[in-house]
Structure formats: C-alpha cells, structure tokens
Amino acid sequence: MTIKRAIGAGVFFAILSTSLVSCGGGGNTGGSDSTSTDDALIGAGSSFDNPLFSKQFSEYSKTNGLKVNYQSIGSGAGISQLTAKTVDFGASDAPMNGKQDSALSAPAVHIPITAGAVVLSYNLPDVKDTLMLTPGVLADIFLGKITKWDDKAIAAINKGVKLPSTTIVIAHRSDGSGTSNIFTTYLAKVSDEWNTKVGHGSSVNWPAGLGGKGNEGVAGLIKQTPGAIGYIELAYAIQNNMPYAKMQNKAGNFITPSIASVTAAANIQIPADTKVSLTNTDAADGYPISGFSWVIIYKDQKYGDRSQDRATKLVKLISWMIHDGQQYSSALNYAPLSPAAVSAGDAVLKSVTYDGKPILQ
Amino acid sequence: MITRSDLPLRVINSSPEAVAKAKKRARLSFRQIRTENIFNKTLILMGLIMVVLVVGIFLTLVVQSLPSIKALGPKYLWGKVWDPVQDIYGAWPFLLGTLLSSFLALIISIPFSISVAIFLGEYHPAGWLPNLLKNAVELIAAVPSVIFGFWGLAVLVPIVRTFESHIGVAPVGVGIFSSSLILAIMIIPYAASLGRSMINLVPSHLKEAAYGLGATRWEVIRSVVLPYTKSGLFAGILLSLGRALGETMAVTMVIGNTSLIPKNIFAPGNTMASVIANEFTEADKPVYLSALIELGLVLFLVTVVINMIGKKIIDRFTND
C-alpha cells in the first residue's frame, strides 16, 4: 500500500515537473531560434504571399541549402514580429504606416516582392456577359447608394445586358486584410465620399453588407447569395472559376483583371522607398485595383547578435526572389514584378548595410 | 502538519521484538502521513495555480486594455460606431450581438437538452437506442467548431434564407438567427449530460414512494425528479451559456460580421469573440489592438456577471 502511494505521489510530481520544465523549455527555444543557427532564416507576415514563398523557398533551398521558415500569420502580425526582432524579415501587403514606423527601433526598408489584384466577383446566374463597372458605380454600390442590379447607372455601362431586379448583397472581408486595404485604398482614391465617410485600411467601418472571413468566406457568401457582389484576390477567383468584372481604369479603358494587366499597372515611376500604391495608376492597360506585396527588413542588418553571414544570406535570398524567383509567379497566378519594380528593389537592396558597410557590392 | 515528534509511541510490551515491531509500525504510519501531506499540498498547489491563472489573465487583460481605456473612457461600452480608420471604438453592437445570439441559442436549446436529459436519465437509462443517443450527443461536443461553421454556411444558411424570404425579411441567410441555431446545437451536450447525471442521482426511494402513492410517470418527473434536480439542470444550462458566449469560429462564419446594430434577430451582426478573432492579426495601431483586448475584458466580465447571477439563482433554488 505505502509503496504504491509513494509511487503514485512520485509519478504525480514527475508529471508536474516535466510539464513545467517543458513549458519553460519551449519558450526558450522559441526565442533563441532566430540567432542560434545561420543556415535557417525566419520570416513572418502576409498570407497572400505564402503559396509563392513556399515554392520560392523550396526551390532556393535546393540550390543553396538555405532553409527559410515562413509563418503566414498576417501582414500586421508580421510587422509586429519584425518590430520585436524575432524574425529576419516581415512580409506585408500594405507598406508600414507612420505609427508602425515609429514603433521600430531602427529604420527598415521595403522591397516589392510580387503583385496581386483584387477582383469584383458576383452572383448573377442569368447574366452571361462579363459585367463591366466604373469606379463611380463601384463606390456607390459599396456605399449602399445603388441597391438594385437593374439600376440605371449599372445598365448604362452594360448596354445590351439584361440585368435582373435583384437586390445587391455586398460581401466584404470581416478579418483585417491586405486585400481590404488595396480595395479601400482604391475606393478612397476614386470617390471623395468614400474617402471622407469610410477611408482606407485593413479593417474599415463598412457602410453596408455582410462580412466573410478570408477569401473563402467572401467567396462562400457570393456563391450562395443570388445578387451578391464582393471582392476577392485574383488568384483565388481564377482557381475557383468565379466570374469577375472588368474595371474601367484611369485612362478610361475597361480592363479584365489578369496577371499581365497587373504587371502592366505596376510599370510606372516607382519612388525610391518603393512604398507606392498600384491602385488607379496611369498605366493605360493596367488593371486599376492592384497592389504590391513587400518584404520588409532592417536597413542596417547588425542588430542583436546577428552575424554578417546571416545578413548576407538574407539579402542574397531577397535579391534572388525579385530576379530568378519571379519565374514561379505566373504558374501560381501571381503577377511577376514589372521591370521598374525590379530595378527599384535592386536599388533598395544595395542600400542595406551591415555595421554601416553595404552588403551587396 | 504532523511531524515525527508528535507521534505517540506507546510501548505496552517492552520485549525487543515488540519494540522493534512497534517502531516499524510507527515508521510505516509516519510514511503514510507524509504521503498524505504531500498529496494534500499538491492539491492545494494545483488549486492555487488555477486561481493564479485566472487572476493573471484578468490582470493581463486590464493592463493591455489600459491605453484604450485611457483614450476612449467608459463611452467605449455604449459607443455604437466601430471605425478602426478613425480610431473610434464602441463595443455596443458586439455586446448586443453576443448577448442576443447566446440567449437566443439558450432558449432554442433548453427544450432539447432537458428532454434528452429526462429521456436518458429517467425513461430509458439503458438499451441500444439510449446508448446511441448518448453517444451522438457526446459526439456533438467533440466536433470542432469550424466544422459546425462550414456545415452552417453550406446547409443551414440556405434553409434559413428560404425561410426568411417566406416571412418577408431581407433574405440574406447569414445573421444572428443562423448563428443562434448553430450555437444551440453546439451547446446541447453540456446541459444534457449534466442533467442526465443529476437525474440519475435522484434517490430511488423517493421515486418509489411517489409511484407507491399512485403517481404516473409524468407526475413523478414533474413533482419529484425535476424539483430534486433543478439546481443541477440550471448549472448545466449556465455551463452551456458560458460556452455560447465565448464561441468564436462557428459564429463568425454564419453571423454576417457587420458592425451595424442588428435591427432584428434575422439581421447580420457580430459578437465580441468573433471581432477579436477577425481583427486581431491585422490590428496595426496600438489603440486598435488595445480596444480589441478591452473587448476581451468586457467578455470576461460579462461571463463573470452572468455566472454570479446564476450562482445566486441556484442558491435560491436549493434554499427552498
């Protein structure tokens, strides 16, 4: 009896102590990972980039043996991780805003890594032709001012198309996302009313409509609800065979969203810090609701106990991603970077230093 | 705590064998007492860890939401606008959405959970059909909530939409009503299994006495079983309400996620847990993040208040 009890108590304590130790141990390894080994880099951020990054990193590790552990936790969370210096690079669908910049302990740089588009998908079973939309009509729909599909404003653009009298059901993202940021930035640019009433950001106060979580949530709402219209990523719409509208761009042309028309939209004068929105650009054959996704790293790579080797590996990886790595974009429905974007990215990478000395010669 | 010196060592027979035997017995009993002490202390430690955890979570929530409390003040609670772009945060639409969907779910689920509890506890405690029912109910508790969400979006929402178009409200399908239906299904097992064990505990002599007096089965359930178990049934219902208040994934998929105040129970809305899950990863401003954590604090307090009211009601029931 006594021995049994003693063993019982012993086991009890053993379990308790191991569970406590393992908790502590888990926390420690998480923190030291980023600095202990130099043949594995850590990145975090945008979930939009994740499929492309997975492909690029697996190809890169075949030739260079460098492992990259990318956590697709969302753009904002990626920036927080970079701010906390727990990752080597962050990835974001929106450039860092002023408040995020001021939270950083040292300056960071943005390198455009790929481009994507946001398309307007809809559920109108009887409409066979591709729907066409102008910026003004789109803004009025999302402001809740146009409520029926056979509204005169929509009919005027889509001449010859028999539009139903169904009520328009708006679907938007409920989770904060880079997709929402690109879309609301576009609406704020083309509509003064949207700009003053709603504004732009990864989460906004939507004047009307239903929210779905993620691309799949919005797509689910659109597919199910007759008369629905919502915005999703181009890649998601292509993969799921969803119809999407042609948008009128700044030059007045109606553009079908595609990889080529997104790359075209990005072929513009890009500022030195590359923090530019691709919405409503001047490109005549560019799709107007496009946007870059960026990789963000510290400008001076000597922080904490980082080695020069690690810093060089990181910069070389990013340089490969914007050159050779771009060949994997099209197959995954990402728009390859425009020549202007690549040369802007090159210039930024050349400015990255280690202890004040440039890393790339 | 008992130490070695406290032990009375009574030696009746002073022969060496007897002394050795008595000493051995004393050693053995001391060892037993020591085990008891260790076990007792372990239990206290485990209990304390739980308390520390709850207090720790509460303090973390308070500290993290300080920036938002300072910036927004108490108006946060009844503010009707949630606008991250202009840093205006009001929790009222979500507080309303949480309470509305949870209590509606509770009202829908109570008839089912009480019936299941009575059926399994009193009418048919054994047999293949009750076993099947029992396993099915327990299985509901084991299904991941995201599965409920998908099922709700794919199956339930179209049915609700058809229903809505018949009764003449905007046929959107998703909304408070759909999420209440999903929640009701998810919380049935909690009240049902607690109710069933409570009904099993009703002393059989009470029931036999009632039957002896000529009571029918319904009369026994109404006048003996239910009065005897009402505090237990209520505790089960309270447990399921707690589950409904905090449910996130399934709700966010079918509630429609708008920050507008719901006009009726068929309108889309949002709950506090769902807003946190949706917006936490991309909350890119300190006040925004803090406002979301304050939402968690409000949810925590709402749960505490509802539990306290529940305890009061249970006490009153048992005192009768």
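The values are calculated or read from the model by the stated rules, or taken from the named source; none is laboratory data. Not measured: the values here are computed from a predicted model. Backbone-built Cβ (ideal geometry, glycine too); neighbour counts: all protein chains shown.
Condition check for A:A219 on (1) surrounded by fewer than 23 Cβ atoms within 10 Å (Cβ to Cβ); (2) more than 30 Å from B:K263 (Cα to Cα): one failure, at (2). If I filter region B:72-89 down to residues being within 14 Å of chain A (Cβ to nearest Cβ) and surrounded by fewer than 20 Cβ atoms within 10 Å (Cβ to Cβ), which single residue comes out as nearest to B:V298 (Cα to Cα)? Among those residues, the one meeting the criterion is B:G79. Return a yes/no flag: does region B:33-47 have any residue that is among the hydroxyl-bearing types (S, T, Y) and either away from chain A (no Cβ under 12 Å) or touching a residue at least 40 places away in the same chain (Cβ under 8 Å) (or both). No, every residue in region B:33-47 fails to be among the hydroxyl-bearing types (S, T, Y) and either away from chain A (no Cβ under 12 Å) or touching a residue at least 40 places away in the same chain (Cβ under 8 Å) (or both). Taking the listed residues B:V169, B:V174, B:V143, the one that is under 29 Å from A:E216 (Cα atoms), within 14 Å of chain A (Cβ to nearest Cβ) and out of contact with any strand residue (DSSP E or B) (no Cβ under 9 Å at 6 or more places or on another chain) is B:V169, with no other qualifying. Residues that are away from chain B (no Cβ under 11 Å), of a type outside the set (V, I, T) and under 21 Å from A:P257 (Cα atoms) were ranked within region A:188-218; the one that is farthest from the chain's Cα centre (by Cα) is A:S191. Go through the residues of region B:246-268 one by one and say whether even a single one is more than 27 Å from A:T225 (Cα to Cα) and either surrounded by fewer than 16 Cβ atoms within 10 Å (Cβ to Cβ) or within 17 Å of the chain's Cα centre (by Cα) (or both). Yes, region B:246-268 contains a residue that is more than 27 Å from A:T225 (Cα to Cα) and either surrounded by fewer than 16 Cβ atoms within 10 Å (Cβ to Cβ) or within 17 Å of the chain's Cα centre (by Cα) (or both).
Kindly establish whether A:I268 is assigned to a helix (DSSP H, G or I), among the aliphatic types (A, V, I, L, M), touching a residue at least 40 places away in the same chain (Cβ under 8 Å) and surrounded by fewer than 18 Cβ atoms within 10 Å (Cβ to Cβ). Write out each step before concluding.
Numbers: assigned to a helix (DSSP H, G or I): no; among the aliphatic types (A, V, I, L, M): yes; touching a residue at least 40 places away in the same chain (Cβ under 8 Å): yes; surrounded by fewer than 18 Cβ atoms within 10 Å (Cβ to Cβ): yes.
Answer is no for this residue.
Considering region A:326-335, the residues that are touching a strand residue (DSSP E or B) at 6+ places or on another chain (Cβ under 8 Å) and part of a loop (DSSP other than H, G, I, E, B) include one that is surrounded by the fewest Cβ atoms within 10 Å (Cβ to Cβ), namely A:S329. In summary, A:L349 fulfils each of the numbered conditions (1) within 21 Å of the chain's Cα centre (by Cα); (2) crowded, with 22+ Cβ neighbours inside 10 Å with the single exception of condition (2). Here is a check on your reading of the model: is A:V68 over 30 Å from B:M50 (Cβ atoms) and either buried (at least 16 other Cβ atoms within 10 Å of the Cβ) or at pLDDT below 50 (or both)? Judged against the criteria, A:V68 is a match.
Look at B:F39 and say whether it is at pLDDT 90 or above and either of a type in the set (D, E, K, R) or under 24 Å from B:N270 (Cα atoms) (or both). So that I can check it myself, show each step before the final result.
Numbers: at pLDDT 90 or above: yes; either of a type in the set (D, E, K, R) or under 24 Å from B:N270 (Cα atoms) (or both): no.
Here the answer is no, as B:F39 does not meet what is asked.
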